[in-house]
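Enquirer: I'd like to ask some things about the structure below.
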Amino acid sequence: MINTLTSPLAALGRQILGMLAIVGKIAMFAFDTLTHLIRPPFYWREFGIQLIHIGWLSLPVVGLTTLFTGGALALQIYAGGARFNAESVVPSIVAIGMVRELGPVLAGLMVAARVASSIAAEIGTMKVTEQIDALVTLSTHPMKYLTLPRVLAATLAMPILVAVGDAIGIMGGYFVGISRLDFNSAAYLKNTVDFLELWDVSSGMIKGAAFGFIVATMGCFYGMNSGRGAQGVGSATKTAVVAASILILATNYLLTELFFSA
Amino acid sequence: MITLTDVHKAFGSNKVLQGVNLHIARGESMVIIGGSGTGKSVALKSVLGLIKPDSGKIEVDGQDIDRAERDAFLARFGMLFQGGALFDSLPVWQNVAFRLMRGSLKRPNSEAREIAIEKLRRVGLKPEVADLFPSELSGGMQKRVGLARAIAAEPEIIFFDEPTTGLDPIMAGVINELIREIVVEMGATAMTITHDMTSVRAIADKVAMLHDGVIKWTGPVADMDDSGDPYLDQFIHGRAEGPIEAVR
Ligand SMILES: Nc1ncnc2c1ncn2[C@@H]1O[C@H](COP(=O)(O)OP(=O)(O)OP(=O)(O)O)[C@@H](O)[C@H]1O
Ligand SMILES: [Mg+2]
C-alpha cells in the first residue's frame, strides 16, 4: 500500500537525481572546454570555419525571424496602445522590446535549432564511426579540435548576430509603422534613436554571448555522449536542441532579473 | 615491448576480455585471430587507452600506459580502424597527412601533401584520389586511405584492424606485402587483426588466438598448422564442427 503510494515519488526522485547528475556533467564539460582555452595548441583554422558556419550562415535565419517579429510587434503595440491613446509609443517599445528581449531570445532559439542540432549530429556521427577515437590516436585532443572552436565561435558570433537581428527587427517595425500605421518616417526613426540607450543594446548582446555558449556547449556535449548507431545520433540531436532551448529561456530570465530588476 | 597482463573488460553483463595475457616483442609482427565479436578490436583499443580495461595491466616498454605522458605515447602509434574512421569533412590527402599538418610534426602544406600522395601510392591509390572526399570512395578504397593515414607519420608501433577485409585478392596481396615491408624495413612493431588466413601467413611472425575472453593459443606462425590445439585447428580450417560453437 505504502509502496504504491510512494513509488511515484521514488520515480520523481530518481528523475531529479538523474537530471542533477547530467547538470553536473554538463558543468564539468563546459569547464573542461574553457581550460583548453589557455592550453595550446589552438586550432585557428577550425575556429575560422566554425565562425562562418555558426555566425555568417545563421544571418538569414536570424534576420528573417526578427524582421517578421518586429513587424508583428509594431502592429500589436499599436493596437494595444490605441486603447489608451498611446499609439505614439510604438517606435520606442518596438526598439526596447527588440534589443532587450526578442532579439537575443529569437536569435538564440533559431541558432539553437540550426546550430545545436548540426553540431550534435556531426560530432555524434564522428563518435559512432570512431572518428573521435581516430582523432585521439592522431595526437589531437577532441575537446581542442572539435569543442573549443565551436564554443568560442558561437560565443563570439552570437552578440553580432543579435545586433544585426536587433537592427533588422527594428526595421521590420519601421516598415510596418510607416506603411500600415501612418507613422512619419523621420519621426519614427528619431523616436527609436532617442529612446534607446547603449545598455539596452549591450545587455542584449551579452545575453547573446551567453546563449551562443549554451548552444555550442549543448551540441558538443550531447554529440560527444551520443549513443551508438543512427538512433543514438538522432536522440542526441533532439536532446541537444531541447536542452539548449530550455536553458536559453531560463538563462534569459535570470539575466533579465540580474540586469533590469530594480 | 607491449605486454598485456590479466586484462579484463566487460560491457554491462557482456564479459568480453576475461584475463588476456599477451606479449609482443619489439620489431615483431603479431597477428590476432579469433571469431567475430570475441573482443579483438576491444583489445587493440585498450592498448591505445581508447577503452579503459576493468582490471589488469597494459605496459608499453615496461611503462604502465596510464602513467605515460599521453601525447608522447600516442605519437609512437599508428592505427587503422576496422571501419576506416576517416574524417569525412576533410579531403583524402588531408586525412592521410592529418598528423603532418598540426602539432609537433607540422610541416608546410605542400610537403604534407606530397607525403600523403606518396603514402597513397603505397596502398595502391592514384594521386587523383587525393582531392576526393572519403564519401566518394568505395569501401575498400576507404580502408586503404585509413591504412595510408596510419603509416603516414612512420610510427614505431602500428595497429591494423582488419586491413584486408573488403579488398580484392590482388589488393589484399599488395597490402599484406606493405605491412610486411613496414615491419621488416622500418623495424616497426605491428599488431594486426585479420580473419584472412592468407594474410596471417603473409604478415605474421607470431599468431595469437582470442577465444572466450582469453588467448587460447599463441606461438610462431610456423607452429600454427600442427599445434594440436582443437580451437586453433577448427579456426584455421574454417570447420563448422568443433569446440567453437557457431552461434555466439
Ligand atoms: N563501446 C562498446 N560498448 C558496448 N559494447 C561493446 C563496445 N565495443 C565493443 N563491444 C562489445 O564487445 C564485444 C567484442 O567487440 P569487438 O569489436 O572487440 O569484436 P571483434 O573481435 O573485433 O569482432 P569482429 O571480428 O567482428 O570485428 C562485442 O560483443 C561488442 O558488442
Ligand atoms: Mg573488430
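The values are calculated or read from the model by the stated rules, or taken from the named source; none is laboratory data. The shown structure was predicted, so the numbers you read here are calculated from the model rather than taken from an experiment. Here the Cβ positions follow ideal geometry from the backbone for every residue, glycine too, while neighbour counts run over all protein chains shown. Surface areas here come from the heavy atoms of the whole protein model, side chains and all, with no ligands, DNA or RNA. Shrake-Rupley method; radii C 1.70, N 1.55, O 1.52, S 1.80 Å.
Enquirer: How large is the direction-averaged shadow of the alpha-carbon convex hull of region B:138-248, in nm²?
Expert: 7.8
Enquirer: Let me ask another. Please give the FRET efficiency for B:Gln18 paired with B:Lys52, using the beta carbon to beta carbon distance and R0 = 22 Å, rounded to the nearest 0.05.
Expert: Plugging the Cβ-Cβ distance into 1/(1 + (r/R0)^6) gives 0.85.
Enquirer: With viscosity set to 0.692 mPa s at 37 °C, what whole-number translational diffusion coefficient in µm²/s follows for the protein assembly as shown from Stokes-Einstein and a Kirkwood radius over Cα pairs?
Expert: Diffusion coefficient, whole number: 124 µm²/s.
Enquirer: Still on this structure, please answer the following. With every protein chain in place, what's the accessible area of A:Met218 (1.4 Å probe, Å², nearest 10)?
Expert: 10
Enquirer: Ok, one more. Can you give the calculated 222 nm mean residue ellipticity of chain A, where each DSSP H run of n ≥ 4 adds -39,500 (n - 2.57) and the sum is split over every residue, rounded to the nearest 500 deg cm²/dmol?
Expert: Calculated at 222 nm, the ellipticity per residue is -26500 deg cm²/dmol.
Enquirer: How large is the direction-averaged shadow of the alpha-carbon convex hull of chain B, in nm²?
Expert: Mean shadow area of the hull around the Cα atoms is 13.6 nm².
Enquirer: Could you tell me the center-to-center distance, by alpha carbons, between region B:1-31 and region B:170-248 in angstrom?
Expert: Result: 15 Å between the Cα centres.
Enquirer: I'd like the antiparallel share, as a percent to the nearest 5, of DSSP beta bridges with both residues in the protein assembly as shown.
Expert: 55
Enquirer: Using a 10 Å cut-off around each Cβ of peptide A:134-146, what is the average number of partner chain Cβ atoms that fall inside?
Expert: Partner-chain Cβ atoms within 10 Å, mean over residues of A:134-146: 6.
Enquirer: Which FRET efficiency value, to the nearest 0.05, is calculated for A:Phe260 and A:Leu59 with the Förster distance at 30 angstrom and r the Cβ-Cβ distance?
Expert: 0.60
Enquirer: Using 7 Å Cα-to-Cβ label points, what is the A:Leu17/A:Phe31 separation (nm, one decimal)?
Expert: 2.2
Enquirer: Here's a follow-up. For an R0 of 56 angstrom, estimate the FRET efficiency from the Cβ-Cβ distance between B:Ser36 and A:Arg39 and round to the nearest 0.05.
Expert: 0.85
Enquirer: Express in whole angstrom the spacing between the alpha-carbon centres of region A:112-127 and region A:153-172.
Expert: A separation of 22 Å, based on Cα centres.
Enquirer: Something else: Rounded to the nearest whole Å², what accessible area per residue is found for region B:151-248 with the 1.4 Å probe?
Expert: Accessible surface, normalised per residue, equals 45 Å².
Enquirer: Also, I was wondering about something else. Using only DSSP helix segments of four residues or longer, with each worth -39500 (n - 2.57), what per-residue ellipticity at 222 nm results for chain B after dividing by its residue count and rounding to 500?
Expert: The helix-only estimate for chain B comes to -9500 deg cm²/dmol at 222 nm.
Enquirer: A follow-up question, please. How far apart, in nanometres, would the label points at A:Val193 and A:Arg83 be if each is projected 7 angstrom from Cα along the Cα-to-Cβ direction?
Expert: Distance between label points: 3.3 nm.
Enquirer: Kindly provide the pair-distance distribution of region A:43-260 built from C-alpha pairs, with 5 Å bins from 0 and whole-percent values in order of increasing distance.
Expert: Calculated P(r), rounded to whole percents: 1, 8, 14, 16, 16, 13, 10, 7, 6, 4, 3, 1, 1, 0.
Enquirer: Take the solvent-accessible surface of the protein heavy atoms, probe 1.4 Å, and return the percent of it on chain B that carbon and sulfur atoms account for.
Expert: Here it works out to 50 percent.
Enquirer: For the pair B:Ala68/A:Phe47, report the inter-label distance in nm, with labels modelled 7 Å from Cα in the Cβ direction.
Expert: 3.1
Enquirer: Chains A and B: buried accessible surface, both sides, probe 1.4 Å, rounded to 100 Å²?
Expert: 1600
Enquirer: Leaving out ligands, DNA and RNA, and with a 1.4 Å probe, what % of the accessible surface on region A:192-234 is carbon or sulfur?
Expert: 66
Enquirer: Which one of B:Pro230, A:Ser92, A:Leu109 is farthest out on the positive end of the charge dipole of the protein assembly as shown, using unit charges on Cβ (Lys, Arg +1; Asp, Glu -1) and the Cα centre as origin?
Expert: Toward the positive end, the furthest listed residue is A:Ser92.
Enquirer: Consider a paramagnetic label point 7 Å from the Cα of B:Glu241 along Cα→Cβ; state which residues of region B:198-218 have an amide N under 11 Å from it.
Expert: Answer for region B:198-218: none.
Enquirer: What helices does chain A hold that run 18 Å or longer along their axis, going by alpha-carbon atoms, with a Kyte-Doolittle average of -1.0 or more, using DSSP H for the helix calls?
Expert: A:2-35, A:59-82, A:148-180, A:198-224, A:229-260
Enquirer: Amide H to amide H under 5 Å from B:Lys216: which residues, 5+ apart in sequence or cross-chain, H placed 1.01 Å off N in plane?
Expert: B:Met209, B:Leu210, B:His211
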